[in-house]
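> One structure, pasted below without further comment.
The values are calculated or read from the model by the stated rules, or taken from the named source; none is laboratory data. Computed from a prediction, not measured in an experiment: that's the story for all the values here. Ideal geometry is used to build each Cβ from the backbone, glycine not excepted, and the neighbour counts take in all protein chains shown. Accessible surface areas use protein heavy atoms only, side chains included; no ligands, DNA or RNA. Shrake-Rupley method; radii C 1.70, N 1.55, O 1.52, S 1.80 Å.
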Amino acid sequence: MVLDPRSKLDHHGKVVALVGGVGGAKLAYGLAKNLPPEQLTIIGNVGDDFQLYGLHISPDLDTVMYTLAELANPATGWGLAGDTRQMLDMLHTYGETPWFGLGDRDLATHLLRTQWLREGQSLTAIVGRLLAGLGVKHRLLPVTDDPLATVVDTAEHGTLAFQDYFVRHQWQPTVTRVRYQGAEDAQMTDQVAAALDAAATIIMCPSNPVLSIEPILVVPGIREKITNRRGVCIAVSPFVGQQALKGPAAKLMGELNLDISVQGLFTYYDGLLDGLVIDETDREQVAGLAEQEKFTLMTQTIMNTPDDKVRLARECLDWVGRFQP
Ligand code: FO1
């Protein structure tokens, strides 16, 4: 049952969603189905960006773009549905063993982004052009146009670039520390600053707190804008039953001795949250804790279908309404 996505949501004011990879992109899609473009701004993580074969690749931004365009590969969440691997096969012909699955149609995105960056266009402007080409009217803003790279210190292989850790090593190495190179010098874009200043609702989407949300929060001034917000800030937990639905979030946070319980997430987001959305299977975590129950929405957070995404987004927005002054 798809709720009437447009009914009575304008009272929410402007909504800003912080998004990383696949899980967060699903909720961003649900929010975009509920809110018109002028009411929603998505701020995307750029810490996963890297150079490969001379191409500038922005995996999390592309995952959000393709998801909003309803073109994402439903099996993986990233890349384009139905894409082919002719280019990868040709690399094999030359003796390469490509470890990062660049699809043939996906390649067009990386070629244009790389070319436009070389021409001096900002990543923000480039994302806008790519989204327009995909027919997406909602706004996705890289948190910064400056270099910012998530790097992972591991016990087995020392420091790894993000994609080496995540894809090449399938996030199996033991993480001892995560760093965000360039963060201290990165500037949030004017568009991001304006969106956060105008936000009545800020939603941290169910992305990996350390690998996808933190690289947004570490950009100077972002935490302060959220702390001094005039509206409401909530997060949707990426965990169900102390497990991540996909990816390394639970394993990684365990290795970093970070508690992924409801209380642990409130603590992790160090006072930025007015509320936390968790899956109903984690109900017992807050049972009896009236204080936490006041700040916790328990619902189905697993999003398998488009309807799930639209419903969860709508529930988050309706729930936020109760916090609003
Ligand atoms: N993730 C993988 O696990 N394996 C891949 O081969 C892979 C290729 C890929 C290509 C384009 C793209 O936009 C994303 C891709 N991802 C792949 C996901 C990527 O590693 C993201 O960083 C994760 O989604 C984490 O956010």
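> Let's see if you can work this out: charge +1 on each Lys and Arg Cβ, -1 on each Asp and Glu Cβ, no other charges. What is the dipole magnitude of the range 60-135 about its Cα centre, in debye to the nearest 20?
Details: 5 positive and 9 negative charges, 41 e Å.
For the range 60-135, the charge dipole is close to 200 debye.
> Let me ask something else. Mind checking the full-extension length gain between residue 153 and residue 242? Use 0.36 nm per residue of separation minus the Cα-Cα distance, one decimal, nm.
Values: separation 89, 0.36 × 89 = 32.04 nm, distance 2.35 nm.
Roughly 29.7 nm would be gained on extension.
> Can you give me the accessible area per residue for the chain, using a 1.4 Å probe, in Å²?
Values: 13900 Å² over 325 residues.
Solvent-accessible surface per residue comes out at 43 Å².
> Helix 22-34 sits at what angle to the longest principal axis of the chain, using alpha carbons and giving 0 to 90 degrees rounded to 10?
Helix 22-34 and the main axis of the chain meet at about 60 degrees.
> Same structure again: Measuring from centroid to centroid over Cα atoms, what is the spacing of the range 163-224 and the range 47-89 in Å?
Here the answer is 19 Å between Cα centres.
> Out of the total accessible area of the chain (probe 1.4 Å, heavy atoms of protein only), what percent is carbon and sulfur?
Answer for the chain: carbon and sulfur cover 53 percent of the accessible area.
> Projected area of the chain, taken from the Cα convex hull and averaged over every viewing direction, in nm²?
Computed as one quarter of the Cα hull surface, the answer is 16.4 nm².
> Could you work out the relative contact order of the range 2-324, using alpha carbon pairs under 8 angstrom and six or more residues apart, expressed as a whole percent?
Working: 605 pairs, mean separation 67.1, N = 323.
Reported relative contact order: 21 percent.
> Still on this structure: Pop the C-beta distance of residue 323 and residue 93 into the FRET formula with R0 = 56 Å and round what comes out to the nearest 0.05. Before the final figure, lay out each step's value.
Values: r = 57 Å, r/R0 = 1.03.
Computed FRET efficiency for residue 323 and residue 93: 0.45.
> Return the Rg/Rh value of the range 97-161, two decimal places, where both radii are evaluated on C-alpha atoms and Rh is the Kirkwood radius.
Values: Rg = 15.2 Å, Rh = 14.2 Å.
Result for the range 97-161 is an Rg/Rh of 1.07.
> Also, I was wondering about something else. Give a residue-ordered list of calculated ³J(HN,Hα) values for the range 39-49 (Karplus: 6.51 cos²θ - 1.76 cosθ + 1.60, θ = phi - 60°; whole Hz; x for Gly, Pro).
10, 10, 10, 9, 9, x, 6, 10, x, 7, 5
> Same structure, new question: Once you have the Cα-Cα distance between residue 270 and residue 179, take 0.36 nm times their residue separation minus that, and quote the gain in nm to one decimal. It would help to have the intermediate numbers written out before the result.
Details: separation 91, 0.36 × 91 = 32.76 nm, distance 1.82 nm.
Full extension of this stretch gives 30.9 nm more.
> Taking amide H positions as placed in the peptide plane 1.01 Å from N, state which residues far from residue 154 in sequence (5 or more) or on other chains have amide H under 5 Å from it.
Those qualifying (amide H under 5 Å, at least 5 residues apart or on another chain) are 159, 160, 176.
> If I take R0 = 41 Å and measure r between the Cβ atoms of residue 167 and residue 261 in this structure, what FRET efficiency does the formula 1/(1 + (r/R0)^6) give, to the nearest 0.05? List each step's numbers first, then the result.
Details: r = 29 Å, r/R0 = 0.70.
With R0 = 41 Å, the Cβ-Cβ based efficiency is 0.90.
> Which entries in 225/294; 14/137; 137/294; 225/246 show an alpha-carbon gap greater than 26 Å? Intermediate results must be reported in sequence, preceding the final value.
Numbers: 225/294 24 Å; 14/137 16 Å; 137/294 35 Å; 225/246 30 Å.
Beyond 26 Å: 137/294; 225/246.
> Just from its helices, what would the mean residue ellipticity at 222 nm be for the chain, if runs of 4 or more DSSP H residues each count -39500 (n - 2.57) and the sum is divided by every residue, rounded to the nearest 500 deg cm²/dmol? Could the numbers behind the result be given before it?
Details: 13 runs with 116 residues, N = 325.
Calculated mean residue ellipticity at 222 nm is -10000 deg cm²/dmol.
> Next up: Note down the magnitude of the dipole of the chain about its Cα centre, charges +1 on Lys and Arg C-beta and -1 on Asp and Glu C-beta and zero elsewhere, to the nearest 20 debye. The partial results should precede the final answer.
On the way: 27 positive and 39 negative charges, 142 e Å.
Roughly 680 debye for the chain.
> Mind checking the range 202-279 for trypsin sites (Lys or Arg not before Pro) that DSSP puts in a loop (not H, G, I, E or B) and that have at most 10 other Cβ atoms within 10 Å?
Numbers: sites: 223, 225, 229, 230, 246, 251; in loops: 229, 230, 246.
Within the range 202-279, the qualifying trypsin sites (Lys or Arg not before Pro) (loop, at most 10 other Cβ atoms within 10 Å) are 230.
> Using a 10 angstrom cutoff on alpha carbons, build the Gaussian network for the chain and name the most mobile of 142, 206, 248.
248
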